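What follows is a set of notes on a single structure, which appears directly below.
The values are calculated or read from the model by the stated rules, or taken from the named source; none is laboratory data. What you are looking at is a predicted structure, and each value in this text was computed from that prediction instead of being measured. All Cβ positions, even for glycine, are placed from backbone atoms using ideal geometry, and neighbour counts span all protein chains on display.
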Ligand code: ATP
Ligand code: MG
């Protein structure tokens with residue numbers, strides 16, 4: 001074993017892993033492009049306060065924090081919504097609204113690692129700032145839905161709720177708003193037994209509350225959230241051809257800055273770490289000195305989507321070169337290099353033997369490198385200008401001029 005290994009909860013990505021990651025990234029970027037979201041980038045570390053403003057002081061336990069050499073309290077970003085709001089407050093206040101922003105970046109959390117849960121992981125997300133409420137929520141839900149569809153994940157389950165449900169149930173039972181947040185993490189974890197006990201201790205009858213939170217269904221459940229505006233959102237989704245979601249009154253998202261619609265997407269096959277997306281409507285910009293701007297957004301767990309695709313045996317595109325150019329002997333090496341260079345300049349991907357192998361070993365290497373075709377260059381080829389091209393899949397050989405291969 002090497003004397004220094006990678007830190008716990010982090011991963012190295014081998015070439016094949018990176019190819020898959022870039023492929024998925026490309027698919028998600030393509031969805032963002034079609035929905036006309038524009039990407040932003042923010043630093044990997046921020047002032048710790050940015051995240052405690054958003055999530056409260058307890059977030060520090062879950063973060064990588066450090067004091068820099070100037071004595072500043074810094075944190076590696078655990079998420080990208082707060083940085084995006086800060087970016088808005090610092091650089092986009094004058095921009096026409098609504099703003100449709102997206103991001104892709106690594107995030108860091110001091111968690112107990114397991115499959116689908118890492119200390120460094122990647123989030124792909126989007127935020128709409130300053131839209132009319134129902135229109136923004138519809139757009140965000142349609143985008144999240146399309147991201148899952150575009151990545152090819154099988155059977156994702158989208159659940160849509162509203163933070164007003166839980167708040168109203170608790171208020172109706174005599175729990176004032178200031179006392180409510182301690183119940184949210186239990187709902188967020190769907191720990192209904194824990195919630196039952198906690199409500200009991202508080203002297204609240206848990207049954208009417210649980211009977212609502214445990215229900216899932218269609219839009220008939222919206223009567224539990226009068227005035228939520230979700231009717232209009234679901235109508236909007238229908239117009240956009242988005243179906244297959246459930247209404248879930250028991251979504252809490254655990255944090256108190258959500259102000260309206262909240263939603264989650266699960267891939268049930270993933271087991272414990274099945275949630276691949278979370279989001280909703282929130283009001284955060286004012287915390288960063290930007291005035292009140294209603295926003296809606298989500299973050300996708302990029303790594304978990306990949307785990308789901310790999311578990312389902314998804315067919316990732318193979319990334320071998322178009323051509324592997326093989327000189328028959330040392331005398332043809334110069335010509336092989338000339339051919340490789342011409343192919344590359346024409347935009348094709350091409351490799352040549354860099355290990356001075358003989359023909360049969362070089363062809364074996366071309367196969368293991370995943371080349372589509374081998375181009376064999378011997379004395380004959382030098383004389384006639386006709387190259388021998390071998391299809392590495394079928395083994396068939398043909399003769400072709402370099403100009404044909406450049407197209
Ligand atoms: P969980 O309940 O699984 O910890 P979360 O509520 O902390 O998730 P969010 O903060 O909403 O997650 O982040 C959005 C998405 O990022 C999650 O739905 C999940 O897919 C992914 N995610 C969160 N934490 C991790 C992690 N440590 N490793 C990999 N992916 C993660
Ligand atoms: Mg978490």
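Only one of the numbered conditions (1) surrounded by 15 or more Cβ atoms within 10 Å (Cβ to Cβ); (2) more than 15 Å from the chain's Cα centre (by Cα); (3) part of a helix (DSSP H, G or I) is violated by residue 32, and that is (2). Among the residues of the stretch 91-104, at least one is assigned to a helix (DSSP H, G or I), more than 15 Å from ligand 1 (Cβ to nearest atom) and assigned by TED's automatic domain parsing to the domain that holds residue 302. Pairs are defined by a Cβ separation below 6 Å, a sequence spacing of at least 6 or placement on different chains, a first member in the stretch 51-62 that is assigned by TED's automatic domain parsing to the domain that holds residue 290 and under 16 Å from residue 286 (Cβ atoms), and a second member that is more than 13 Å from ligand 1 (Cβ to nearest atom) and in a helix (DSSP H, G or I); the pairs so defined are 53/287. Of the residues examined, residue 9 is one that is assigned to a loop (DSSP other than H, G, I, E, B), touching a residue at least 12 places away in the same chain (Cβ under 8 Å) and crowded, with 17+ Cβ neighbours inside 10 Å. Could you look through the stretch 240-271, keep only residues that are within 10 Å of ligand 1 (Cβ to nearest atom) and assigned to a loop (DSSP other than H, G, I, E, B), and pick out the one that is nearest to residue 299 (Cα to Cα)? Looking at residues that are within 10 Å of ligand 1 (Cβ to nearest atom) and assigned to a loop (DSSP other than H, G, I, E, B), I get 253.
Residues that are more than 16 Å from ligand 2 (Cβ to nearest atom), outside any loop (DSSP other than H, G, I, E, B) and more than 29 Å from residue 136 (Cα to Cα) within the stretch 46-73 comprise 47, 48, 57, 65, 66, 67, 73, listed in sequence order. Please work out which one of (1) within 16 Å of ligand 1 (Cβ to nearest atom); (2) out of contact with any helix residue (DSSP H, G or I) (no Cβ under 9 Å at 6 or more places or on another chain) is the condition residue 201 fails and give its number. Looking at each condition in turn, residue 201 falls short on (1). Screening the candidates 87, 101 for the property of being surrounded by 18 or more Cβ atoms within 10 Å (Cβ to Cβ), over 25 Å from residue 233 (Cα atoms), more than 16 Å from ligand 2 (Cβ to nearest atom) and modelled with pLDDT of 95 or more yields one hit, 87.
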